[in-house]
Amino acid sequence: MGTRRGFSSPYLLLMVTMVLWGSAFSSSKSVVEHLPHSVAALLRFGGGAVALLIAVQLFGKRGASVGVRNGWRAALAGVLGVFAYNSFFFWGLSLAPSLDGGILIPVMTPVLTSAFLLVVGKERASPGRLAGLGLGLVGAVIFFLGAGGSSAGDSTRLAGDALFLLSAVCWAAFTLAGPRVLAGIEPLRATTYATCAGAVLLGVLAAPELDSVRWSELPAGVWLNTAYLALGAAAVANLLYYRGVGAVGPANASLMMFCVPVVNTVCATVILGESFGALQGAGALVLLTGAVLAVTQGRWPRRTKAADDGSGPVDRPEYEAGSVPISHETATADDDAGLNRELPNS
């Protein structure tokens, strides 16, 4: 029997997820254009927290118990992976095009994570990984040089790109901490706890700006984009991704994450009219190539018999532990060495 097809195909579910996550950069930029960046972050993740709480009630494991310690760990992880990450991200959006964020954040995250694991000895210094990290570094330098010399923002755009890079650092750190911090709790609940904790802190950060917003004058598009980000890019995308990972395994699912920059580029250029120069484009291409090489080490993950006949989840791939992501916005522990990397959306 072949891989399941139609609307239940795991790869179709994953592709829909990539479209939701990739388009979220442009959608977030549209919100930031009308609201202070702190308020935009609060609306996006406050709404996402509510949507995920509902999703837990509808789709979470019935009768699943979560220890107080595990719950607090997930919440504390949200301080880094939701609050810090999105504080930098939405601030960066107020200064630079979403096009830059959609390249730097999802592509630099695995590069930074892999580099750290290599430094601390958690990963092997294979030729493929070293080549990928080297290409990633060169690509990032070229990209930033292009941003600094671009006619579409110059120093302001460069500052925004620096904030996007800080977002990637936060997400890489959150991912590295994830396997141990979030062990013993299902991904959906962990994501919900982290999002709720992060949303509360984003609320504290946004509080001084709330009075300055003329809520009655906000265009309908702002509310539509906010709803899309909360429901589509948070709740629906996560649910689809969990199903996809369960069907094809984290390795195959993670490789589809590299569709996010492609989707974002299309949305940013077509919908928002954003662009970058030839130098930034070359840097983005080199950076993406390096990230793929660093994650895969030049080897494609094997499909197991279970994946081929659609009978169940696949086994772990032929990479060593820690080479690929396992889920979006949350990492679970396969084992102590399983420092799986993930790529964020917005």
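The values are calculated or read from the model by the stated rules, or taken from the named source; none is laboratory data. All figures in this text were calculated on a predicted structure; none of them were measured in a lab. Cβ sites come from the backbone with ideal geometry, for glycine too, and all protein chains shown count toward neighbours. These area figures cover heavy atoms from the full protein model, side chains too; ligands, DNA and RNA do not enter into them. Shrake-Rupley method; radii C 1.70, N 1.55, O 1.52, S 1.80 Å.
Kindly check whether there is at least one residue in the stretch 82-92 that is free of Cβ contacts under 8 Å to residues at least 40 places away in the same chain and not small (G, A, S).
First, the residues of the stretch 82-92 that are free of Cβ contacts under 8 Å to residues at least 40 places away in the same chain: none.
No, every residue in the stretch 82-92 fails to be free of Cβ contacts under 8 Å to residues at least 40 places away in the same chain and not small (G, A, S).
Quick check on this structure: which one of T3, T109 is among the β-branched types (V, I, T), within 29 Å of L224 (Cβ to Cβ) and at pLDDT below 90? Lay out the reasoning, then the answer.
Working: T3 fails: within 29 Å of L224 (Cβ to Cβ).
Result: T109 is the single residue among T3, T109 that is among the β-branched types (V, I, T), within 29 Å of L224 (Cβ to Cβ) and at pLDDT below 90.
Can you tell me which residues in the stretch 83-126 are charged (D, E, K, R) and not in a helix (DSSP H, G or I)? It would help to see each step written out before you state the result.
In the first step, residues of the stretch 83-126 are kept if they are charged (D, E, K, R); the result is 100, 122-124.
Scanning the stretch 83-126 gives K122, E123, R124.
For the structure I just gave you, tell me whether Y193 is at pLDDT below 80, more than 21 Å from I105 (Cβ to Cβ) and of a type in the set (F, W, Y).
Numbers: at pLDDT below 80: no; more than 21 Å from I105 (Cβ to Cβ): yes; of a type in the set (F, W, Y): yes.
It is false that Y193 is at pLDDT below 80, more than 21 Å from I105 (Cβ to Cβ) and of a type in the set (F, W, Y).
Go through (1) modelled with pLDDT under 80; (2) within 14 Å of the chain's Cα centre (by Cα) one by one and return the number of the condition P261 breaks.
With respect to (1) modelled with pLDDT under 80; (2) within 14 Å of the chain's Cα centre (by Cα), P261 is out only on (1).
Among the candidates S216, S212, single out the residue that is free of Cβ contacts under 8 Å to residues at least 12 places away in the same chain and surrounded by fewer than 21 Cβ atoms within 10 Å (Cβ to Cβ).
On the way: S212 fails: free of Cβ contacts under 8 Å to residues at least 12 places away in the same chain.
Answer to the check: S216.
Residue by residue, here is whether (1) closer than 23 Å to P110 by Cα; (2) assigned to a helix (DSSP H, G or I); (3) open to solvent by less than 30 Å² (accessible area, probe 1.4 Å) holds:
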site: V236; (1), (2), (3): no, yes, no
site: M257; (1), (2), (3): yes, yes, yes
site: E274; (1), (2), (3): no, no, yes
site: G281; (1), (2), (3): yes, yes, yes
site: L288; (1), (2), (3): yes, yes, no
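Pairs under 8 Å by beta carbon, first residue surrounded by 10 or more Cβ atoms within 10 Å (Cβ to Cβ) in the stretch 62-79, partner at pLDDT below 80 and acidic (D, E), six or more apart or different chains?
Listed by first residue and then by second, the contacts come to A64/E186.
Could you run through the stretch 147-170 and say how many residues are open to solvent by less than 40 Å² (accessible area, probe 1.4 Å), in a helix (DSSP H, G or I), modelled with pLDDT under 80 and over 22 Å from A115 (Cβ atoms)?
Of the residues in the stretch 147-170, the ones open to solvent by less than 40 Å² (accessible area, probe 1.4 Å) are 147-148, 150, 153, 157, 160-161, 163-164, 167-168, 170.
Among the residues that remain, those that are also in a helix (DSSP H, G or I) are: 147-148, 157, 160-161, 163-164, 167-168, 170.
From what is left, the residues that are modelled with pLDDT under 80 are 147-148.
If we keep only those that are over 22 Å from A115 (Cβ atoms) too, we end up with 148.
Of the residues in that region, 1 qualify.
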